[in-house]
1. If you take the residues in region 50-77 that are of a type in the set (Lys, Arg) and outside any strand (DSSP E or B), which one is nearest to Asn163 (Cα to Cα)?
2. Do we find a residue being within 27 Å of Ala286 (Cα to Cα), of a type in the set (A, V, I, L, M, F, W, C) and in contact with a Ser or Thr (Cβ under 7 Å, 6 or more places away or on another chain) anywhere in region 248-259?
3. Being under 19 Å from Asp175 (Cα atoms) and either touching a residue at least 24 places away in the same chain (Cβ under 8 Å) or assigned to a loop (DSSP other than H, G, I, E, B) (or both) is the filter here, so list the residues in region 220-236 that pass it.
4. Please determine, by comparing only the residues of region 94-108 that are of a type in the set (A, V, I, L, M) and open to solvent by 20 Å² or more (accessible area, probe 1.4 Å), which one is nearest to Val154 (Cα to Cα).
5. Restricting attention to region 242-289, and to residues there that are open to solvent by less than 50 Å² (accessible area, probe 1.4 Å) and of a type in the set (Ser, Thr, Tyr), which single residue is nearest to Leu218 (Cα to Cα)?
6. Tell me which helices (runs of 4 or more DSSP H) are completely within region 109-198 and hold 3 or more residues being under 30 Å from Leu215 (Cβ atoms) and open to solvent by 20 Å² or more (accessible area, probe 1.4 Å), or say none if there are none.
7. Consider Leu218 carefully, then state whether it is under 25 Å from Trp179 (Cβ atoms), open to solvent by less than 90 Å² (accessible area, probe 1.4 Å), more than 25 Å from the chain's Cα centre (by Cα) and not basic (Lys, Arg).
8. Just the residues that are of a type outside the set (A, V, I, L, M, F, W, C) and closer than 15 Å to Lys20 by Cα, please, taken from region 52-71.
Amino acid sequence: MSPFFSIILPTYNRANFLPKAIESVLSQTHTSWELIIVDDGSTDNTKEIITEYKDERIKYIYQENAERSAARNNGIKNAKGEYICFLDSDDFYLPDHLHFFHEFILKTEQKCSLFFCNYRLCTKGKLEENQVVFSKKTNPYEIILLGNIASQRVCIHSSILKNNYFNESLNVAEDTELWFRIIEHYPFIYVDQATVVIVSHANRTIDRKNISSYLKSLEVKKKLAKSVKATLSKHTYSKVIHDSYFSLAQSYEVHHKFWNMSRTLLKASWYLPTYRWKEKVYMVYANLK
């Protein structure tokens, strides 16, 4: 009998984080699941960590390093569940994550949909509440662009993903790009539960130290926002571009690239001149010393 959920967990050299992620799946109160761990060419003891778990619902797939979009696609191709969820190896689920999705899906008439839940942030071991609530009237493109709908937060009918894969040329904002393609044809539905924990740490792909990630994210976000500009409010469009430039400026600041930071702050201000202006002034002033 096929499981109700397939959970796809791509990983690369994250053996120290993996046990927490795996055990959060094993602790789920809803038990009809399979966990597909796609090892994207790890060179640490990832395989040894995974093979210590004897639960037959855990599947291990090894591939040569091809980045996480390819790893997730590999997982999708091997998934047997009716619905597919995702989990990053450095994050974890709260025990009722699958239960709440299951209960919601049973009650809705729109079974073939992209569902997404809320999340909590874990910083230095402390869980922080997330107060974001989404209205059914909100433009779904605005939610995706401003709401950080990471793959850990979604649950998607498998028939959708078997025909819509992650863009393997992207390793940043690849989830945002895929959600845009999906919601052109399928419902985008919010499940009002915060059951995913995203762990803040220095080695995440989108990290202040990684300038190239912010440059790529800016490129993708600008392209996506422009593609649906007619449906967005002027403020939302400006904020998406502004925030992408502002984050890039913060990355330049970490690397003490003053002139790159200053020029990028000016580009951010072009879109929203007064927004976060005190932070911008302080960044410039602090880096002039």
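1. Lys77
2. Scanning region 248-259 turns up at least one residue that is within 27 Å of Ala286 (Cα to Cα), of a type in the set (A, V, I, L, M, F, W, C) and in contact with a Ser or Thr (Cβ under 7 Å, 6 or more places away or on another chain).
3. Selection gives Val220, Lys221, Leu224, Ala225, Ser227, Val228.
4. Leu94
5. Ser244
6. Filter on region 109-198 gives 140-146, 174-182.
7. Considered against the rule, which asks whether it is under 25 Å from Trp179 (Cβ atoms), open to solvent by less than 90 Å² (accessible area, probe 1.4 Å), more than 25 Å from the chain's Cα centre (by Cα) and not basic (Lys, Arg), Leu218 comes out as no.
8. Of everything in region 52-71, those that are of a type outside the set (A, V, I, L, M, F, W, C) and closer than 15 Å to Lys20 by Cα turn out to be Glu52, Tyr53.
The values are calculated or read from the model by the stated rules, or taken from the named source; none is laboratory data. Keep in mind that this is a model prediction, so the values were computed, not measured. In this analysis, Cβ positions are derived from the backbone assuming ideal geometry, glycine residues included, and neighbour counts consider all displayed protein chains. When the accessible area is computed, the model is the full protein with side chains, heavy atoms only, and any ligands, DNA or RNA have been set aside. Shrake-Rupley method; radii C 1.70, N 1.55, O 1.52, S 1.80 Å.
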